[in-house]
Structures are given as structure tokens and as C-alpha cells.
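S.K.: Here it is, the structure, as C-alpha cells.
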Amino acid sequence: MIVNLSWMDILLAALPFLVLIAILGYMRLGVSRQLLIGVVRTLVQLSLVGAVLTAVFKSDNPLWTMGFSMVMICAGTYEVTRRQIRKFLGGWSIALSLLGLLTAAVLSTGYALMVVVDVSPWWKAQYAVPLLGMILGNTMNGISLGLNTLTTGVWQQRAVIESRLALGEPAQDAVKDIKRDCLRNALTPIMNALAVCGVVSLPGMMTGQILAGNDPQVAARYQMMIMYLIGTGCAAGCLVTVTMASKRLFDKRDRLRLDRLQLK
Amino acid sequence: MSEKSLIVENLVYGGFGPVSFNLVAGECIGIFGESGCGKTRLLRSIADLDPHQGSLSFNDEDALSMPASTWRRRVAFLPSESQWWRDRVSEHFPLPPGEPELGSLALQPKILSAEVSHLSSGEKQRLALLRALKNSPAVLLLDEITAHLDSERAQLTEKKIAALQSEQNLAVVWVSHNIDQLRRVCSRILYMAQGGTIVKEELVK
């Protein structure tokens, strides 16, 4: 049996949260405004996406699936770029984030749809859009952490890197330590998720499936697939973005070019 | 001329210059000027760490004809503050220096197993010199390397550099704001004005 949620139910769900936001506002903690905007954004964005997805699923046109995917990838790129502490100048932040997200989308989602789930046609929106969304959301966080670790690390350790260059190390050797930190930071969320899922937390997607009336065992297998796909997307996307970004920080003569980064 | 030499020709770097000079093997040349006139930037450009125009060559080989890392092993830049990125001293030396090398700079062999954070800035600076020498450079670019040393240690370093010049035929470009030091160690001193141009040359010995 599936319990359908009415708008009244949504209001009831939001009520305790709204009361808390009011209390936080009264305490002048400076967070209630942001939280309130978040509540409204969730309402508007998810309502819209629900309506659009219904239309996309109905039309069953690959162009719609494609278009929707592109919008998600662009939104992800914008979000990664927006979160950068030190952006690359000349649109490079956008290009580097886009490259990582596209890698994750093609490699991880493409593989899942064509090989793992084996739906026909492979681009069927009901599968393609939610899978891509899960993978992009996580990859986006990874890339954002990885890029921030790289640019702030290089900025702070400029003297060390240039010393290593002066001792004759090739550029990518001189930033090897920082690149390692980038990938570790980028992959920490997914590593944690892989370790604790099902024990400490029941993942959101699995919870959603169970609440929507599905067999928990089917939900669990879907969740496993999702976790592995997220891992693939995140690792591939971060690897590509961090590798290309660290190349962009040096020129052909292996000089550290911090002038390619924006000042704060 | 068969003698090996560093040739700096019309070097323009980050709004400074142009600078031209030659330096033969075994020679030490001083660069003197007020702070902010571009002395450090000049050394960095000669080591190809900063973008620049003009040409750099050593022993008739243009810097651009080889990978930057090869050039930098040959033309070694020592910054005024030495940098360390591992916990222990020895981890910065692929080949650890021997007792005589350490002794020539009044360092004990046990310093190699020490933690970098326990060293004085003077010890670090002398170790950084040994680290750079491990690449067997032909030219040393020294940027105020005795600034953190007491006068006794500074003179020890000066002696070490002089020995390298005579024994290994090393060429040295020594940047300092201490004109007395430059007169002790160099055969020529170039005076740099604001804007990074050479305005005067003084022959010392």
C-alpha cells in the first residue's frame, strides 16, 4: 500500500521546521534567513522538477531526456564554479568543472543504463534522469572539494612548490602531495557513505523506495548499484578535473602560474 | 671563447629590466640594489621560474633547448628562506650528503635524522645549499642566503662558496644588500636601480 502525500501533509511536515526556524531567528543566530530561503527553494524546485519529469516521462522523447540531462549538468557546473574559493581566470573554472561532470555522466550513468540496468530503450527517462541526478549531485560535491583543495593548497604552498621546481623536479611531481590531498578530500564523503550505509544510516534513495511501497530487498540492490555508480562517477570526475586543473597551474616551461587564479 | 659561461641577454621580466651580463665558470658576480628593485625576480627569471623575454644560455646551449627541469638543475636558485616539505631532513635528500660535505658547513651527520621543525633557520639554510649542490649545478643563484646567519656562519658559507668556485669551477650570482659581503666574495658587482636595470659595474679584485 502506498500512502500518497497531499499538500496538507507537506505543510504538516514543514511545520516543526518552521517553528524551529522562528526560534533560531528569535535567538539571532543569523541562520534563519538562509534556512527559510532553503525551505522555499526546496518547495519550488522540487515541485517544478516533479511537474517537468512527469511531462518528460510521458513524452518518451530522447531529446527531452537529453535536454533535461544537459540542464542538470549545467546547473552542476554553475554550482561547482560558484563554490570555488579561488577561481581559475578566463572561464577555466567552468571548463574544468564541466569536464569532470561530463566524464562522470558519460562513464558512470552511461555504463549503468547500457550495461547494468539494461532497460529498453537505454535512454528511458524514468531511469536515466534519476540515476544521472544521483551521480551528478555526488560528483559535484567531490569536484568542488577537490578543486578547492588544489587551489588553496597551491596558493599556500607556493614557496615549497617553487623550491621543488628549482631543485629540478617536474611540475607534476612538485604538486604530487597536494594532488593526493585533493583526491582524498574529494572521495572522503563517498568513502564514508560506503562504510556506514545500512548500519548507521539508511540511504535516502532506499528510504524513498521503501516508503513508496517497494520490497526492501529490491531497494537494497538498487542502493548498492547507486553507491558503486556514485563511486565511479566521483572518482573519474575528480581525477579528470584535478589532473587538468593542476596542469593549468603550470605553463609549458613548468613555471607555477598563480596569475591564472583569481585573487580573493 | 671555449670557457663555459652563462649569458643573460636583454632579459625583461615582469616590468623589470632589460638586463644583460655574462658570467664565466669559476666567477662570482654580485648584484646590489635597494629592496624592491627586482633582484630576486632577476634570479627567479634566470632559473626560468618566472615568465620573461630575452635569452638565457649556458655553455652555448639555450635554456629553451632543454626541459625546464634540466635547466634548473644546471642553474640552481637558492631562495633567501629555505623550504622543507617532509618531516625529516634526510627525506629531502635522495642521496644523503657525506660527513666531509656536512663538515665543510659545520654540520654534524646526525642532523640528517633530525626533524626539520627542530632546526635553526641557519642550519636549514646551510642544508638547503647542500641539497642544491646534490644536483651538481654549474651556476648558483644565491638570494641573500646568509641573511639569517650570524657573522661566523655567514663567513663559513662564504668560504664554502669560494671553495666551490675554485675546486668545482662553479659560477655564482650573489644577490645581497650587504655591499661589504659582496666586496669580499665577488670579482664584479652590478648595481641595480629601481626598475631592475644595471646602472653601474664595479670591479673588485
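The values are calculated or read from the model by the stated rules, or taken from the named source; none is laboratory data. Keep in mind that what you see is a predicted model, and the values were worked out from it rather than measured. Positions of Cβ are backbone-derived with ideal geometry, glycine not excepted, and every protein chain shown enters the neighbour counts. Protein only, heavy atoms only, side chains kept; ligands, DNA and RNA dropped before computing areas. Shrake-Rupley method; radii C 1.70, N 1.55, O 1.52, S 1.80 Å.
Here is a yes/no grid of residues against (1) among the charged types (D, E, K, R); (2) crowded, with 18+ Cβ neighbours inside 10 Å:
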| residue | (1), (2) |
| --- | --- |
| B:Leu129 | no, yes |
| B:Leu142 | no, yes |
| B:Thr146 | no, yes |
| B:Ser151 | no, no |
| B:Gln155 | no, no |
| B:Lys159 | yes, no |
| B:Ala163 | no, no |
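S.K.: A follow-up question, please. Condition test on A:Gly76, is it closer than 27 Å to A:Thr152 by Cβ and not in a helix (DSSP H, G or I)? Full working, then the answer.
M.R.: Working: closer than 27 Å to A:Thr152 by Cβ: yes; not in a helix (DSSP H, G or I): no.
Taking the combined requirement at face value, the residue does not satisfy it.
S.K.: Another question, then. Scan region A:232-255 and give yes if some residue there is within 14 Å of chain B (Cβ to nearest Cβ) and surrounded by fewer than 14 Cβ atoms within 10 Å (Cβ to Cβ), otherwise no.
M.R.: Narrowing region A:232-255 to residues within 14 Å of chain B (Cβ to nearest Cβ): A:249-255.
This time we only want the ones that are surrounded by fewer than 14 Cβ atoms within 10 Å (Cβ to Cβ), so: A:252.
Yes; the residues of region A:232-255 include at least one that is within 14 Å of chain B (Cβ to nearest Cβ) and surrounded by fewer than 14 Cβ atoms within 10 Å (Cβ to Cβ).
S.K.: Name the single residue, out of those in region B:44-61 being open to solvent by 60 Å² or more (accessible area, probe 1.4 Å) and without any contact (Cβ under 8 Å) to a residue 40 or more places away in the chain, that is nearest to the other protein chains (Cβ to nearest Cβ).
M.R.: Step by step, filter region B:44-61, then rank; the result is B:Glu61.
S.K.: How many of the residues in region B:165-184 are under 18 Å from B:Gln125 (Cα atoms) and either in a strand (DSSP E or B) or open to solvent by less than 30 Å² (accessible area, probe 1.4 Å) (or both)? Break it down stepwise before answering.
M.R.: The first filter runs over region B:165-184 and keeps only residues under 18 Å from B:Gln125 (Cα atoms), leaving B:172-178, B:181.
Filter again for either in a strand (DSSP E or B) or open to solvent by less than 30 Å² (accessible area, probe 1.4 Å) (or both), leaving B:172-176, B:181.
Residues in region B:165-184 being under 18 Å from B:Gln125 (Cα atoms) and either in a strand (DSSP E or B) or open to solvent by less than 30 Å² (accessible area, probe 1.4 Å) (or both): 6 in total.
S.K.: Same structure, new question: Return the only residue of A:Arg180, A:Arg184, A:Arg158, A:Arg164 being over 27 Å from the mean Cα position of the chain (by Cα) and open to solvent by 40 Å² or more (accessible area, probe 1.4 Å). Please lay out each step first, then the result.
M.R.: Numbers: A:Arg180 fails: over 27 Å from the mean Cα position of the chain (by Cα); A:Arg184 fails: over 27 Å from the mean Cα position of the chain (by Cα); A:Arg164 fails: open to solvent by 40 Å² or more (accessible area, probe 1.4 Å).
The conditions single out A:Arg158.
S.K.: Taking A:Gly168 and the conditions (1) in a loop (DSSP other than H, G, I, E, B); (2) more than 14 Å from every other protein chain (Cβ to nearest Cβ); (3) more than 24 Å from A:Leu102 (Cβ to Cβ), which numbered condition does it fall short on, given that it satisfies the others?
M.R.: Looking at each condition in turn, A:Gly168 falls short on (2).
S.K.: For a quick check of your reading of the model, give me the residue pairs whose first member lies in region B:68-84 and is at the interface with chain A (Cβ under 7 Å from one of its Cβ atoms), whose second is open to solvent by less than 20 Å² (accessible area, probe 1.4 Å) and among the charged types (D, E, K, R), with beta-carbon atoms closer than 7 Å and at least 6 apart or on different chains.
M.R.: Note: pairs meeting the criteria are B:Ala68/B:Asp48; B:Arg72/B:Asp48; B:Pro79/B:Asp143.
S.K.: Does region A:231-250 contain at least one residue that is under 24 Å from the mean Cα position of the chain (by Cα), under 30 Å from B:Ser69 (Cα atoms) and part of a loop (DSSP other than H, G, I, E, B)?
M.R.: Yes, some residue in region A:231-250 is under 24 Å from the mean Cα position of the chain (by Cα), under 30 Å from B:Ser69 (Cα atoms) and part of a loop (DSSP other than H, G, I, E, B).
S.K.: When you scan region B:110-123, do you find a residue that is out of contact with any strand residue (DSSP E or B) (no Cβ under 6 Å at 6 or more places or on another chain), part of a loop (DSSP other than H, G, I, E, B) and within 14 Å of chain A (Cβ to nearest Cβ), even just one?
M.R.: no
S.K.: Now for a separate question. Could you grab the pairs with beta carbons closer than 9 Å, sequence gap of 6+ or different chains, first residue in region B:112-133 and touching a residue at least 12 places away in the same chain (Cβ under 8 Å), second one basic (Lys, Arg) and open to solvent by less than 60 Å² (accessible area, probe 1.4 Å)?
M.R.: From residues that are touching a residue at least 12 places away in the same chain (Cβ under 8 Å), the pairs are B:Val116/B:Lys124; B:Arg126/B:Lys160; B:Leu129/B:Lys160.
S.K.: Tell me, yes or no, whether region B:15-26 has at least one residue that is buried (at least 19 other Cβ atoms within 10 Å of the Cβ) and within 13 Å of chain A (Cβ to nearest Cβ).
M.R.: Looking for residues that are buried (at least 19 other Cβ atoms within 10 Å of the Cβ) and within 13 Å of chain A (Cβ to nearest Cβ), one finds none in region B:15-26, hence no.
Yes or no, residue by residue, for (1) more than 27 Å from A:Asn148 (Cα to Cα); (2) in contact (Cβ under 8 Å) with a residue 24 or more places away in the chain; (3) β-branched (Val, Ile, Thr):
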site	(1), (2), (3)
A:Leu194	no, yes, no
A:Gln209	yes, no, no
A:Gly213	yes, yes, no
A:Gln217	yes, no, no
A:Ile226	no, yes, yes
A:Val240	no, yes, yes
A:Ser246	no, yes, no
A:Arg260	no, yes, no
